[in-house]
1. Rounded to the nearest 0.05, what FRET efficiency is calculated for residue 59 and residue 34 with R0 set to 25 Å and r the Cβ-Cβ distance?
2. If you fit an axis through the alpha-carbon atoms of helix 14-26 and take the longest principal axis of the Cα set of the chain, what angle between them do you get, 0 to 90°, nearest 10?
3. Which angle from 0 to 90°, rounded to the nearest 10, does the C-alpha axis of helix 43-70 make with the longest principal axis of the chain?
4. Let me see the pair-distance distribution of the chain: every alpha carbon pair, 5 Å bin width, integer percents in order.
5. Helix 31-40 sits at what angle to the longest principal axis of the chain, using alpha carbons and giving 0 to 90 degrees rounded to 10?
6. Quickly rank 37-49, 20-32 as a protection proxy: mean count of other C-beta atoms within 10 Å, highest first.
């Protein structure tokens with residue numbers, strides 16, 4: 001349990017987490033960048049950014065489909 005508390009106190013900002021999650025969605029990550037992210041990113045921020053990214057992705061797909069079907 002203390003490992004989780006220690007991980008949640010990592011210093012990377014939420015913006016850095018969003019950037020890392022964005023690149024993960026694209027599948028473009030260097031091994032060194034991944035290792036640095038794993039050491040610095042707050043797991044809670046990663047979960048929140050991942051959920052937000054998924055919601056934005058789904059909303060974008062729904063918007064595109066609605067635009068195509070409407071024509």
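1. Values: r = 27 Å, r/R0 = 1.09.
That pair, residue 59 with residue 34, gives E of 0.40.
2. Taking Cα atoms only, the helix is inclined about 60 degrees.
3. 10 degrees
4. In order of increasing distance, the bins hold 3, 16, 21, 20, 14, 10, 7, 5, 3, 2, 0, 0 percent.
5. 70 degrees
6. So the peptides 37-49, 20-32, ranked by packing, come out 37-49, 20-32.
Any read-out appearing in this document is the output of simple, stated calculations on the displayed coordinates, not a laboratory observation. None of these values were measured; they are calculated from a predicted model. All Cβ positions, even for glycine, are placed from backbone atoms using ideal geometry, and neighbour counts span all protein chains on display.
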